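Take a look at the structure set out below.
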Amino acid sequence: MNYCKNCGVELDEKMNFCPLCGETIKDKIENKVYSKSVKPQAKEKLLTEYESLNQKQRRKLFWELSGIILVSGIIVTLIINFIINKSITWSKYSVTISLVLLINTTLITFWRNRIILMFVVSFISTSMLLVLFDMYNQNVGWGIRLGIPFLFSIYFIFFLIVILIFKFKQRGFNLLAFLFIAIGLLSICFEGIISYYHRKVFYLHWSLIVIVCMIPISAILFFIHYRLKKGIDLKRFFHI
């Protein structure tokens, strides 16, 4: 039991002040202040340590954390699947996806400056994912005949967009313009691939409407970017 230092009255442990004289219990107040101040200091210290890391160290930290999570997920999934089914069945899908994610995370972390090599290896690893899915389902064929062409069109267009972005020193509304152009091109690729997969002939309909809509939007964004690049104030340009 605690006692009031002012009048000597016996106090309950949950009391913050003396019921007789009204004296506050200093020990509890100091403990509360200390406990509140320690947590923010620990949090601030963690943020300070993270902010002190350079970009390369941050990417490596992200890779290590991702690797721990993915490898742990692979091990846990295999163990659960083996315990329940006495063999490896459904876990092969999650294991394959986790391995491909780990490969792509590694590429982004360590081959960031080797754009062509990074895209090629990433495309090959992701294509293998689709091929393995076909094999798991007794060679259905959609992964090779439909999935890989989809994947190639995405990687190729995205690669071209990245190259164009790197060529522009000033970036702004032109990034949005490139995004809309990529959406239009992907629409054409997707419809062409789907039509060939089902009809054995390339047929374009709705994708042409999409690309026609994307072109004027991209042109307007490029114009805005050009005017702002010349030094015109953003508020003045939009009259706000």
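Results for (1) surrounded by fewer than 16 Cβ atoms within 10 Å (Cβ to Cβ); (2) in contact with a Gly (Cβ under 7 Å, 6 or more places away or on another chain); (3) under 27 Å from H225 (Cβ atoms), shown as yes or no for each residue.
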{"site": "V121", "(1), (2), (3)": "no, no, no"}
{"site": "T126", "(1), (2), (3)": "no, no, no"}
{"site": "D134", "(1), (2), (3)": "no, yes, no"}
{"site": "I157", "(1), (2), (3)": "no, no, yes"}
In the set R199, R236, R227, the lone residue that is modelled with pLDDT under 90 and closer than 17 Å to L175 by Cα is R227
For segment 102-120, pairs from a residue that is not assigned by TED's automatic domain parsing to the domain that holds L61 to a residue that is assigned to a loop (DSSP other than H, G, I, E, B) and surrounded by fewer than 17 Cβ atoms within 10 Å (Cβ to Cβ), with Cβ under 6 Å and 6 or more apart or across chains, are none
Sole miss for F158 among (1) outside any helix (DSSP H, G or I); (2) within 27 Å of the chain's Cα centre (by Cα) is condition (1)
Restricting attention to segment 142-169, the residues that are among the small types (G, A, S) and modelled with pLDDT of 80 or more number exactly 2
Picking from I84, I74, I103, I29, the residue that is at pLDDT 85 or above and out of contact with any helix residue (DSSP H, G or I) (no Cβ under 6 Å at 6 or more places or on another chain) would be I84
| said: Going residue by residue through segment 150-168, is there one that turns out to be free of Cβ contacts under 8 Å to residues at least 24 places away in the same chain, assigned by TED's automatic domain parsing to the domain that holds I211 and charged (D, E, K, R)? | reply: yes
- Task: Looking only at segment 63-70, decide whether some residue is of a type in the set (D, E, K, R), in a loop (DSSP other than H, G, I, E, B) and modelled with pLDDT of 70 or more.
- Result: no
Expected output for segment 179-190 (first residue assigned by TED's automatic domain parsing to the domain that holds L160, partner at pLDDT below 90 and surrounded by fewer than 19 Cβ atoms within 10 Å (Cβ to Cβ), Cβ below 6 Å, 6+ apart or cross-chain) is A182/I161
Expected single match for surrounded by 14 or more Cβ atoms within 10 Å (Cβ to Cβ) and not assigned by TED's automatic domain parsing to the domain that holds I224 among L146, L130 is L130
Criterion first (touching a helix residue (DSSP H, G or I) at 6+ places or on another chain (Cβ under 8 Å), crowded, with 16+ Cβ neighbours inside 10 Å, at pLDDT below 90 and not polar (S, T, N, Q)) does G172 satisfy it? no
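Whether any residue in segment 92-106 is within 30 Å of C213 (Cα to Cα) and surrounded by 17 or more Cβ atoms within 10 Å (Cβ to Cβ) is what I want to check.
no
The values are calculated or read from the model by the stated rules, or taken from the named source; none is laboratory data. From a predicted model like this one, the values you see are computed outputs, not experimental measurements. Heads up, the Cβs are rebuilt from the backbone with ideal geometry, glycines too, and the neighbour counts pull from every protein chain shown.
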